[in-house]
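Following: one structure in structure tokens, then a few remarks.
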Amino acid sequence: MARRSTKAPPPEEYEERILDVDVVDEMQGSFLEYAYSVIYSRALPDARDGLKPVHRRILHQMNDMGLRPERPYVKCARVVGEVMGKLHPHGDSAIYDALVRLAQPFSMRLPLVDGHGNFGSLGNDDPPAAMRYTECRPAPAASLMVESIDEDTVDFQDNYDGSEREPVALPAAFPNLLVNGSSGIAVGMATNMPPHNLGEVIAAARHLIRHPGADLETLMRYVPGPDLPTGGRIVGLDGIKDAYETGRGTFKMRATVSIEDVTPRRKGIVVTELPFSVGPEKVKAKVKDLTNAKKLQGIADLKDLTDRAHGLRLVFEIKNGFNPEAVLEQLYKLTPMEETFGINNVALVDGQPLTLGLKELLEVYLDHRFSVVRRRSEFRRTKRSDRLHLVEGLLVALLDIDEVIRIIRGSENAAQAKERLIAHFSLSEIQTQYILDTPLRRLTKFDRLELEAERDRLTEEIAALTAILDSDAELRKLVSGELAAVAKKYGTERRTVLLESAGTPVGAVPLQVADDPCRVLLSSTGLLARTANGEPLTVEDAKRSKHDVIVSAVPSTARGSVGAVTSAGRLLRLAVIDLPQLPDTAGPPTLAGGAPVAEFLTLEDDERLLCLTTLDESSPGLALGTLQGVVKRVVPDYPANKDELEVITLKDGDRIVGATELRTGEEDLVFVTSDAQLLRYQANQVRPQGRPAGGMAGIKLADGAEVIAFDVVDPAADAVVFTVAGSTGALDGAWVQTAKLTPFDQFPRKGRATGGVRCQRFLKGEDRLTFAWSGATPARAANKNGTPVDLPAPDPRRDGSGTPLAKTVTVVAGPV
């Protein structure tokens, strides 16, 4: 049951009136009002000062608050509150976001606010701190925007409630819209303008002042393209020319990168500049997603080494086997390291949104600047004329100051004195009032001289201002000169590199390194590398350099694997692509550009790498010799699914002293012991054994003797035996060494497991061999640091004594 209302019916004068309105007309009218409000009062910049209302209000209010670049910072919350309460009827977050952007050097080519605190990071990866924590003050460039605003240079209008006055546009002593750009989305339209270099834009504006009919091609000689705050590269200039001509166009932005050696093993792509408005976190997230989805290949690791000292630094570590150039093209194609910027030069001109080209933007700005300077000159001339009028009146009074005093003293009141002075001296009312208000202490002789000097100065200034106002040429000259001064003080070098084309097209460089033949090398100093081709190395005795003694070399392919045999009887699989590639240059081979073994293999403290071997199971296999005289030929059985294999079972205290891959199986095996015995026999006397086997007797050792060298020698080659005898009997504790180089054919073959023959006779004080080597000539020797050492002349005596060594020899190797 409905309840009856107890309220009295409203009086007749308050009766509700209902108007019938077509909903289509109402929606259309309301939408147009809303659209106009968004376009004019929020989203689009004015072509004169390049500012949206919120930015203009921030700068004007900061100036009105007395904030200056040389004065202390104030809390951003204070500025936001003043702007919101007096000028901008919107939320504080919108005002603060606009304030933050004005302070970001990566958003503004010439920042207008000097921020103190966390004002965000590139790409908004790190948002700014709350406005209660941050502080701000106008940047030096902001002073140019509001310069002479109190000299009637621009029109003012009421604020939203009529309680304050705000400028329609700022004086803007530089072309802010082109220099700092703008972006915004209105209703049915949007603007997106890139930043430019201040010096270039002012140079184009000054040229246009001198030559109003200049064409676009001439202006583009001064402004060849945008200059982004974050640097980077712009690829392709056709879209820029379209934008400068029609107001619309596109161009591609690319990161600035370099390809460097980031580790001894790998190359990397180092990014130092990103495209405009792209942050490192966005790039890292995209790379991670693409890598997980298998759409991006070749990246081993991504490190962000960005800091305050060095700026942006993203390091992409490239997997071995991939071409860095091809990976970089993938990054450009798939990640934000290459972005497209769509230029849409929409700005307000006389309250109407227009799409403007470069020349039109400069013309609108210059017209505004001409108006500002003209109004400023009129204001200054009026001020100086008013002051001159007062000064002239005061000078008239000073010429007859006694009469002035007499008239004033004889008057009944101030009004009568004023009337009598006007009548007597033919002064104006303003001049007379000024004379009456001037204290007597200003009427001295010295003040008269000052007033005459001031009169002359004012007359000159008024004449100069009149010349500016009466001559369009003088006005243009003044504006051009002021712009030149701004460019000289605030101009900076261009940051963005402009490129006509992208260079090498995508796909021109293969993504992965081709599986071409190469040779894997091991130096005497424990460096590993691979060559650019599979050709044998040429040895030149005339030229020696550090790390040129190569103790092992095996053929392979760039994407293949080789084995590394250690003194502990282990064979470790080694990916060839991980090894650094030596430059394909002429001259003797050297591994100075190689990488240490420790970069690729993990060895025990007492374990060392002896040789490299192919993993070809059709080869004759490995030949091993141990400290205790054991010899073994290993059956080449290397499972592909294992990275570590055991090639011999060693007895306690035993270790491998020499290992070499056989080429034909017809080579000679050579043992040399510490008591100067050498045993040579054919490799076919040793039966091949499986990998777990412990080998067989290789040489018969005398009591206290041990094997110091085991080598494989081709009997058909011109070979030598190098031995070094020594003792610890020297007074200084150093080794006293004598060495002997003997032709290999002086040593006869003996049976396996026999004692062999003497290879060097000990001199007085010598009791053992400290080093021995057998192999083909030419032989190369070096010390432990890889520095070359000359070998003695050959001695045909098999058991002769050695000659003193000038330098210590720790390694000898033949051609590989």
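Among the listed residues Glu461, Glu452, identify the single one that is without any contact (Cβ under 8 Å) to a residue 60 or more places away in the chain, part of a helix (DSSP H, G or I) and not hydrophobic (A, V, I, L, M, F, W, C).
Every option except Glu452 fails the conditions.
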Which condition from (1) more than 24 Å from Asn323 (Cα to Cα); (2) out of contact with any strand residue (DSSP E or B) (no Cβ under 7 Å at 6 or more places or on another chain); (3) at pLDDT below 85 is the one that Ala598 breaks? (3)
So, in the stretch 530-580, of the ones that are of a type in the set (Ser, Thr, Tyr) and under 21 Å from Leu601 (Cα atoms), which residue ends up modelled with the lowest pLDDT? Thr531
Taking the stretch 305-353 as the search range and keeping residues that are of a type in the set (Gly, Ala, Ser) and assigned by TED's automatic domain parsing to the domain that holds Phe276, which one is farthest from the chain's Cα centre (by Cα)? Gly321
Condition check: crowded, with 23+ Cβ neighbours inside 10 Å and over 16 Å from Val712 (Cα atoms). Does Gly625 satisfy that? no
Identify the residue in the stretch 464-483 that is assigned to a helix (DSSP H, G or I) and among the hydroxyl-bearing types (Ser, Thr, Tyr) and, among all such residues, is farthest from the chain's Cα centre (by Cα). Thr466
How many residues does the stretch 69-126 hold that are within 22 Å of Asn180 (Cβ to Cβ), part of a helix (DSSP H, G or I) and of a type in the set (A, V, I, L, M, F, W, C)? 12
Which of the residues belonging to the stretch 188-208 are farther than 21 Å from Arg221 by Cβ and of a type in the set (Gly, Ala, Ser)? Gly188, Ala190
Quick one: which helices (runs of 4 or more DSSP H) lie wholly within the stretch 381-440 and hold at least 2 residues that are assigned by TED's automatic domain parsing to the domain that holds Leu465 and touching a strand residue (DSSP E or B) at 6+ places or on another chain (Cβ under 6 Å)? none
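Results for (1) in the same structural domain as Phe744 (by TED's automatic domain parsing); (2) closer than 28 Å to Arg768 by Cα; (3) at pLDDT 90 or above; (4) β-branched (Val, Ile, Thr), shown as yes or no for each residue.
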| site | (1), (2), (3), (4) |
| --- | --- |
| Gly594 | yes, no, no, no |
| Ser619 | yes, no, no, no |
| Leu622 | yes, no, yes, no |
| Thr626 | yes, yes, yes, yes |
| Lys632 | yes, yes, yes, no |
| Asn641 | yes, no, no, no |
| Glu661 | yes, no, yes, no |
| Gln677 | yes, yes, yes, no |
With the condition being touching a Ser or Thr at 6+ places or on another chain (Cβ under 8 Å) and among the aromatic types (Phe, Trp, Tyr), I'd like the strands (runs of 3 or more DSSP E) fully within the stretch 260-363 carrying at least 1 qualifying residues. 338-344
Unmet criterion (only one of (1) crowded, with 16+ Cβ neighbours inside 10 Å; (2) outside any strand (DSSP E or B)) for Arg797: (1)
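Please verify whether Lys333 is surrounded by fewer than 17 Cβ atoms within 10 Å (Cβ to Cβ) and closer than 26 Å to Phe251 by Cβ, treating the condition exactly as stated.
yes
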Considering only residues that are of a type in the set (A, V, I, L, M, F, W, C) and farther than 29 Å from Asp548 by Cα, which ones fall in the stretch 748-789? Ala753, Val757, Phe762, Leu763
Log entry, pairs with first residue in the stretch 89-112 being assigned by TED's automatic domain parsing to the domain that holds Asp125, second being among the hydroxyl-bearing types (Ser, Thr, Tyr) and in a helix (DSSP H, G or I), beta carbons closer than 7 Å, six or more apart or on different chains, reads Leu110/Tyr490
In the stretch 759-816, the residues that are more than 52 Å from the chain's Cα centre (by Cα) and among the charged types (D, E, K, R): Arg761, Lys764, Glu766, Asp767, Arg768, Asp795, Arg797, Arg798, Asp799
The residue from Leu769, Leu741, Leu791 that alone is at negative phi, crowded, with 22+ Cβ neighbours inside 10 Å and in the same structural domain as Gln685 (by TED's automatic domain parsing) is Leu769
Any chance you could count how many residues in the stretch 292-304 are surrounded by fewer than 15 Cβ atoms within 10 Å (Cβ to Cβ) and either within 20 Å of the chain's Cα centre (by Cα) or β-branched (Val, Ile, Thr) (or both)? 3
Testing Met220 on (1) among the hydrophobic types (A, V, I, L, M, F, W, C); (2) surrounded by 17 or more Cβ atoms within 10 Å (Cβ to Cβ); (3) closer than 16 Å to Ala47 by Cβ, one condition comes back false. Which one is that? (3)
Any hit, the stretch 602-610, residues being closer than 18 Å to Trp773 by Cβ, assigned to a loop (DSSP other than H, G, I, E, B) and not hydrophobic (A, V, I, L, M, F, W, C): yes
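Kindly indicate whether Ala702 is farther than 27 Å from Val635 by Cα and assigned by TED's automatic domain parsing to the domain that holds Val657.
Yes: the conditions hold for Ala702.
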Among the numbered conditions (1) touching a residue at least 12 places away in the same chain (Cβ under 8 Å); (2) surrounded by fewer than 20 Cβ atoms within 10 Å (Cβ to Cβ); (3) under 28 Å from Pro224 (Cβ atoms), tell me where Phe156 comes up short. (3)
Can you find even one residue in the stretch 66-74 that is at pLDDT 95 or above, within 34 Å of the chain's Cα centre (by Cα) and among the aliphatic types (A, V, I, L, M)? yes
Of Arg375, Arg381, the only residue that is in contact (Cβ under 8 Å) with a residue 12 or more places away in the chain, in contact with a helix residue (DSSP H, G or I) (Cβ under 6 Å, 6 or more places away or on another chain) and within 30 Å of Val479 (Cα to Cα) is Arg381
Applying the selection to the stretch 127-151, what residues are closer than 29 Å to Ser371 by Cβ, part of a loop (DSSP other than H, G, I, E, B) and of a type in the set (A, V, I, L, M)? Ala139, Ile149
Selected residue (criterion: farthest from Asp400 (Cα to Cα)) from residues of the stretch 445-482 that are surrounded by 12 or more Cβ atoms within 10 Å (Cβ to Cβ) and at pLDDT below 85: Asp447
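The values are calculated or read from the model by the stated rules, or taken from the named source; none is laboratory data. The structure displayed is predicted, hence computed values, not measured ones. Note that each Cβ is placed from the backbone with ideal geometry, even for glycine, and that neighbours are counted across all protein chains shown.
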